[in-house]
């Protein structure tokens, strides 16, 4: 299957016309059939048992001899929702990807090395480690596609800059010649200006200053563009096969000693170091992105379809209230003020609700992610996609800068985890499990992941799933990675 | 003069038509004639001496018996630039403002109490303390206007919510009746829904949730709207009297136990508490607001006038480079990637340059502030104002939450200060001066302000103004407030 996917991406990126694209071939679509993550190696019987919404068994890797541990002894655990959708709409991926330098336009795409770590650095390429969670909505299609392909899009983006990234001692060259895609310019220390570019005369210098860009920002740009490519690929799939829905995406890339955490949606990554919690991502929701959304609605009011107002009000307004003063805020405001209500203000607010109930156009509760190209406001022809962004925020953690202990980890979780357990509670639970295991026990990160899923799902009691403090447990799909940092600097 | 200004604002806010507006009366414009801040009480001779670009004498308040200390013993010092403009384009203001509840549409506007602190709280109103710095560019007009009027606009905005703010125990009501501007609804604890609004039925409840808004956010909204009103007033002035230029604005409001720091531009406020520095503002520059600017250029390309591209490149591109790959970033990107250069990419980047040299449309180095309504790209008809924002970012410091020592202060400075001295250096200098004075010396904050201006201006040597470490001193106008916090909780 991986080969088919690879070929598909290669052709896609190579610019092959859509008529001959494998995406139009029905059998290739099989590659996107629903299943639980391949690295769980589930039997048919296990898969069936895992889908039981009433017992909600927790799935893990690594505790069974038949199953391989994940790279870095990463722990993983997941559980299905309590009945809100038939399928578990979360998906997970972990890969070791070898990035081969692009030699000519018709080369094959990046190779997924899986457990073959011997290829890569030693030859002309690079290698990155990759973990990702995708939290689907309105179906699992987008999450399944992204779990199987996003790392290959990242690989594709990195292929153009293999030489630049390998030459870490010199700043990346501002320009390259585009001779059949081959990187021909080095960027030698003594020659910051390359090729036939002429240095400015004095009078021009104000306009010809040169900005120095670090390698780190090239990797960030590659990941951002990979998300965009992934989103465009989902769009093509959706229009040709009618798939629906979208997904939040949280991806971690370990490349050349740095960890890049890319987040588009409401999943979350935290670092636990020496017992402290350090956030590695922000959530993108109607509340956190309110001003961006309102600004777009203000600048392009036709996107509101005459049904919505870009202004925010603290509640719906009734017709009889026209002429009264009511609290509101515009796209540029953080504070609130009173305005006299006019007829136009009776439209539904573009951004409305609080916390987990906040929605864009009364429809969707996350504002970044992949897919959702067909998403419309209920019973209308108003598209929501223009308000959503597929671009992640990428944070960089320079692993080599810190000494990590055996209990230092990164925890990735979908909102099923974070909705009911705080960063601090997660850290305390992880530390408790890890410190109770021998440091050389390779299963201890899996046990920590399992504990987090158990802790956020809770126990089935008479009144539903309950946490140890009797609060309501998460009825959502829950997926967790626990990635150890010790020994990876 | 203050009376004339007050009357002007009253008529303005009262909606009087422009034909009878005092802004159209030539003598009223005298109110905006250039001078140094009134609270300095300069004689004509002193004013003349202060304008000497070669000696750059430092002006202060409070060290002379003729001069009154500023409220809270605030220290203030300023110095003119080293010749970059004829006038000192910085302006400063400090006021104690009594906010009277608006009773009917034709009432007079807020009263500037100056030193008469007896009015206010005791009656039906509120009182706020106010300090502000305005850093003008392309002339001093906008800075002069803002220094004389912004606090009155804040007063006007607050007048509508006096009752709401005074009733601090109950959340602000979502809606008010607009009966001749009188606030008629309380918002009693037992009745969160006011007036004739009907609570939702169960089926409606999803759409009729009510958001609770704090008093703090009402003050923030009032300040934001005051900045907008001030900007619109400058626009009217500029179109009728041909004034040019704009200014950055940094204003501090102390109201009901909280300090609100509103910043639009590149001035800066920091808190020095127990020797630690805590930033109270962010700077708004082409670099810090790049993505907002690029997003607007992308959504409304006509604003770029066919001369600029919303894409960012690390340097200008030459015609011969078409077809090569060059680093770029789009509005949604934080990282950089290579793109093949097309003809359209030869346009000048909307945002270009680094640090203090970064510019919007090769023209202006700040992206928020007041004025600039007539600002165009050199030799073109392309307006820059659409890319600038007059809305400040407002940060809140809850003074009552902390115990303040006698050396705890807020420092406000224009970029003339911060360009050459770091936050840490400012804090160290302030602490050194303050700890060397008796705590009951009312002049010690003035001495600290004077020291900061001296430190950033430097000493005139053969090779120009030099700091103690022989680095270049600031050739810009420099203005500094040092506001003590002890005893004001």
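Laboratory data are not the source of any read-out in this text; all were calculated from the coordinates shown. Predicted, not measured: the structure shown is a model, and the values here were computed from it. Every residue, glycine as well, gets a Cβ built from its backbone with ideal geometry; the counts of neighbours run over all protein chains shown.
Observations, loosely collected:
- Peptide B:406-417 has a mean of 0 when you count, residue by residue, the C-beta atoms of other protein chains within 10 Å of its C-beta.
- Compactness of the stretch B:287-349, expressed as Rg and Dmax over alpha-carbon positions, Å: 11.4, 32
- One quarter of the surface of the convex hull around the alpha-carbon atoms of the stretch B:401-452 equals 4.1 nm², the direction-averaged projected area.
- The stretch A:341-456: relative contact order as a whole-number percent, Cα under 8 Å and 6+ apart: 14
- Average other protein chain Cβ within 10 Å of Cβ, residues A:167-175: 3
- When you restrict to C-alpha pairs under 8 Å that are six or more residues apart and normalise by the size of the stretch A:215-266, the relative contact order lands at 26 percent.
- Residue order, fewest to most surrounding Cβ atoms within 10 angstrom, among A:481, B:39: B:39, A:481
- Remark: mean inter-chain Cβ contacts per residue of A:471-484 equal 0, using a 10 Å Cβ-Cβ cutoff to other protein chain atoms.
- Sorted by Cβ density within 10 Å, fewest first, the residues B:59, A:149, A:417: B:59, A:149, A:417
- Each of B:414, A:285, B:363 was scored by other Cβ atoms within 10 Å of its Cβ. Listed from fewest to most, they are B:363, A:285, B:414.
- Mean separation of Cα pairs under 8 Å and 6 or more residues apart, divided by the residue count, gives the stretch A:324-399 a relative contact order of 17 percent.
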